[in-house]
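The values are calculated or read from the model by the stated rules, or taken from the named source; none is laboratory data. Computed from a predicted model, the values in this text were never measured in an experiment. Don't worry about glycine lacking a Cβ; one is built from the backbone with ideal geometry, like all the others, and counts go over all protein chains shown.
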Amino acid sequence: MDIGSIFLILSLLILAGLYISRPLFEQRSAAVNRQEHEYSALLAEQDRILNTLQELDLDYALGKIPEAAYSLQRAALLQQGAQVLRSLDAYQAQPSAQTAEARLEAAIAARRAEGATRLASASASQAAPDDQLEILIASRRRERKEKAIGFCSQCGSPVQKSDQFCPKCGYKIISAN
């Protein structure tokens with residue numbers, strides 16, 4: 001090897017080493033200042049409150065929470081959410097014209113709509129093939145109105161006279177005829 005190729009390889013190694021070690025030599029650290037940390041914490045708190053409100057509304061809709069407890073918890077969460085939005089407004093240069101409560105309600109409505117569309121698209125994609133099957137199962141159940149004549153010797157579930165196999169475990173039924 002001649003001296004020129006050695007210098008070329010050496011210079012490429014030095015450049016690659018400097019490029020790789022550049023983050024170690026930078027003065028600007030990745031540490032977040034206090035204001036950015038508080039802003040991030042407020043955004044996380046807003047997200048937590050929105051999720052809690054959404055869960056509370058779902059629990060109330062399902063009847064898990066009584067009316068009195070629901071209204072108290074919802075009012076408390078709305079106050080907390082409004083306070084968080086006011087704090088977030090303090091960090092922004094131009095606060096919006098809407099009140100904090102109105103923006104919180106708009107965020108809740110957007111989350112509900114997003115969840116509803118996601119649920120509707122998931123159910124629509126699965127509903128078409130399953131609907132036909134469910135119709136067949138329901139018609140078969142309506143047809144089977146006869147009484148049980150015995151029990152499966154394998155699992156103990158009741159079997160009907162027309163059964164050749166156990167409807168629960170699939171074991172072949174031995175008829176007593």
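With (1) surrounded by 11 or more Cβ atoms within 10 Å (Cβ to Cβ); (2) among the polar types (S, T, N, Q); (3) more than 30 Å from TYR91 (Cα to Cα) as the list, and SER21 as the residue in question, which single condition is left unmet?
(1)
Report whether or not GLN83 is farther than 22 Å from GLY115 by Cβ and modelled with pLDDT under 90.
Numbers: farther than 22 Å from GLY115 by Cβ: yes; modelled with pLDDT under 90: no.
So GLN83 fails the test.
What's the number of the only condition in (1) at pLDDT 85 or above; (2) outside the structural domain of ALA116 (by TED's automatic domain parsing) that PHE25 fails to meet?
Answer for PHE25: the failing condition is (1).
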